[in-house]
Amino acid sequence: MDIDIIQRLLTLMDQGGLTELVYEKDDVKVKLSRRQEYSGTMMMPASAPMAAHGAPVASPAAAPIAKAAPEEEGVLFRSPMVGTFYSRPNPESDIFVSKGDSVSPETVLCIIEAMKVFNDIQAEISGQILEALVKDGDTVQYDQPLFRIQPS
């Protein structure tokens, strides 16, 4: 294993604010993980998206799912990273989820593009979509509310 590859992967993790990265080439597989503790908030991992050419790409941990304000129903699903929000896999496709849709932990809610990497963002909980809080093509910040979900 070339130490230069590991150093480049660590640099990529730092630049992208990633908490996990998987690299596979031929018979070499490297998995780098950086776990961060957050007091009082549960962290859930996101799915491992695939790049267009089929190689695994980094999968940051999903942002915490926090309770909504008392006057509003459901919980807020927050962005796990900074990037561009996409509600559909491509411009010709239907959106992933809309108001009233039932979701499971594996349901893809959206894609967030960060550093030219398209990351599938999964619901991580079962429930029903109450509201989408951002629009297709919006730039989103880390921990920004994306959806309101009524857990089941």
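The values are calculated or read from the model by the stated rules, or taken from the named source; none is laboratory data. No experiment lies behind these values; they were computed from the predicted model shown. Neighbour counts run over all protein chains shown; Cβ positions are idealised from the backbone, glycine included.
May I ask you to list the residues in the stretch 85-108 that are farther than 18 Å from P151 by Cβ and either touching a Ser or Thr at 6+ places or on another chain (Cβ under 6 Å) or free of Cβ contacts under 8 Å to residues at least 24 places away in the same chain (or both)?
Answer for the stretch 85-108, where residues must be farther than 18 Å from P151 by Cβ and either touching a Ser or Thr at 6+ places or on another chain (Cβ under 6 Å) or free of Cβ contacts under 8 Å to residues at least 24 places away in the same chain (or both): P89, N90, P91, E92, S93, D94, I95, F96.
With the requirement that a residue be charged (D, E, K, R), more than 8 Å from the chain's Cα centre (by Cα) and in a strand (DSSP E or B), what does the stretch 105-123 give you?
E113
A quick yes/no check of all residues on (1) over 14 Å from L76 (Cβ atoms); (2) surrounded by 14 or more Cβ atoms within 10 Å (Cβ to Cβ):
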site	(1), (2)
D94	yes, no
K99	yes, no
P105	yes, no
V108	yes, yes
I112	yes, yes
I121	no, yes
G127	no, yes
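What number of residues in the stretch 109-152 are in contact with a Ser or Thr (Cβ under 8 Å, 6 or more places away or on another chain) and of a type in the set (F, W, Y)?
1
Rundown of residues vs (1) part of a loop (DSSP other than H, G, I, E, B); (2) farther than 25 Å from L9 by Cα; (3) modelled with pLDDT of 55 or more, yes/no style:
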| position | (1), (2), (3) |
| --- | --- |
| G54 | yes, no, no |
| T84 | no, no, yes |
| N90 | yes, yes, yes |
| G100 | yes, yes, yes |
